[in-house]
C-alpha cells in the first residue's frame with residue numbers, strides 16, 4: 001500500500017525482454033540498504049516487486065519484471081531506457097499518510113487532453129476510459145502516474161481537471177506531460193466502494209463473469 005506521495009524520480013537504465021517477461025532496471029537516489037529483495041515499489045502508479053538490486057555511486061539500482069498483461073494495461077509498454085519514473089516505497093506501519101490510500105493497481109490508461117499554466121500552478125485535463133469516468137468526482141482523490149491528486153473539476157463529457165501546485169509539478173514526472181500523452185490512472189478506493197454501495201458498480205443483468 002502507498003500514499004501517492006512521490007519520494008524520488010528514478011531513471012530507467014535498462015529494458016529487456018526475457019522469457020516472456022520484460023525486465024526493467026531502475027536507478028534512484030534511494031539508500032541501497034533501504035531496497036530489499038521482494039520489496040514492493042510503486043513505479044508511476046504500478047506496484048512492482050524487486051527481483052535484484054545493488055548500489056550505485058549516487059544511490060541504488062534495482063530490477064523489476066512485468067508480464068505482458070501489465071505492459072498492455074498500463075503505460076509500462078512504452079517505457080524506454082533513459083525514461084523517468086515516479087517512485088514510492090511501500091507504506092510502513094506508523095508512517096504518516098499525507099496523500100490517500102493508493103494500491104498500485106492501475107484501473108485504466110488516460111489521455112492528457114491539455115496542459116495549461118494557471119498563475120504559478122498548472123491545470124491538467126485528463127480523459128479517462130469511458131468505463132471508469134464516473135469515479136472521478138470534484139474534490140475526490142485520484143492517482144495519476146502514482147501521484148495522489150485532488151480532482152479540481154469533473155466535466156460533463158467525462159474528462160476531469162487537476163490543479164498542480166509548483167512543488168508537485170517540479171518533484172514528479174507530471175511536468176513532462178503534454179497533450180496526447182498516456183497516464184496510469186487508479187480510482188480512489190473510497191469512490192469504488194461508494195459506487196458499489198449505491199449500485200452504480202453492480203454487474204449488469206445477464207453479464208457473464210465466468
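Please verify whether residue 15 is part of a strand (DSSP E or B) and touching a residue at least 60 places away in the same chain (Cβ under 8 Å), treating the condition exactly as stated. Criteria met by residue 15.
When you scan region 153-163, do you find a residue that is in contact (Cβ under 8 Å) with a residue 40 or more places away in the chain and assigned to a strand (DSSP E or B), even just one? Yes; the residues of region 153-163 include at least one that is in contact (Cβ under 8 Å) with a residue 40 or more places away in the chain and assigned to a strand (DSSP E or B).
For region 61-89, the set of residues classified as surrounded by 14 or more Cβ atoms within 10 Å (Cβ to Cβ), touching a residue at least 60 places away in the same chain (Cβ under 8 Å) and either assigned by TED's automatic domain parsing to the domain that holds residue 143 or not in a loop (DSSP other than H, G, I, E, B) (or both) consists of 75, 84, 85, 86, 87, 88, 89, listed by residue number.
Exactly one residue out of 101, 2 is under 20 Å from residue 186 (Cβ atoms), in contact with a helix residue (DSSP H, G or I) (Cβ under 8 Å, 6 or more places away or on another chain) and at pLDDT below 95, and it is 101.
Within region 138-157, the only residue that satisfies the criterion of being farther than 29 Å from residue 10 by Cα and crowded, with 16+ Cβ neighbours inside 10 Å is 154. Scan region 188-198 and give yes if some residue there is more than 19 Å from residue 103 (Cα to Cα), surrounded by 11 or more Cβ atoms within 10 Å (Cβ to Cβ) and modelled with pLDDT under 95, otherwise no. Checked against the condition, which is being more than 19 Å from residue 103 (Cα to Cα), surrounded by 11 or more Cβ atoms within 10 Å (Cβ to Cβ) and modelled with pLDDT under 95, region 188-198 yields no hits at all. Scanning region 15-28 for residues that are farther than 12 Å from residue 54 by Cα and in contact with a strand residue (DSSP E or B) (Cβ under 6 Å, 6 or more places away or on another chain) turns up 15, 16, 21, 22, 23, 24. Within region 116-135, residues that are outside the structural domain of residue 182 (by TED's automatic domain parsing) and without any contact (Cβ under 8 Å) to a residue 12 or more places away in the chain have Cβ atoms under 9 Å from residues that are in a loop (DSSP other than H, G, I, E, B) and surrounded by 15 or more Cβ atoms within 10 Å (Cβ to Cβ) in no pair, counting only partners at least 6 apart in sequence or on another chain.
Restricting 58, 49 to those that are assigned to a loop (DSSP other than H, G, I, E, B) and not assigned by TED's automatic domain parsing to the domain that holds residue 144 reduces the list to 58.
The values are calculated or read from the model by the stated rules, or taken from the named source; none is laboratory data. Since this is a predicted model, take the numbers as computed values, not measurements. Positions of Cβ are generated from backbone atoms using ideal geometry, with glycine treated the same way; all protein chains shown enter the neighbour counts.
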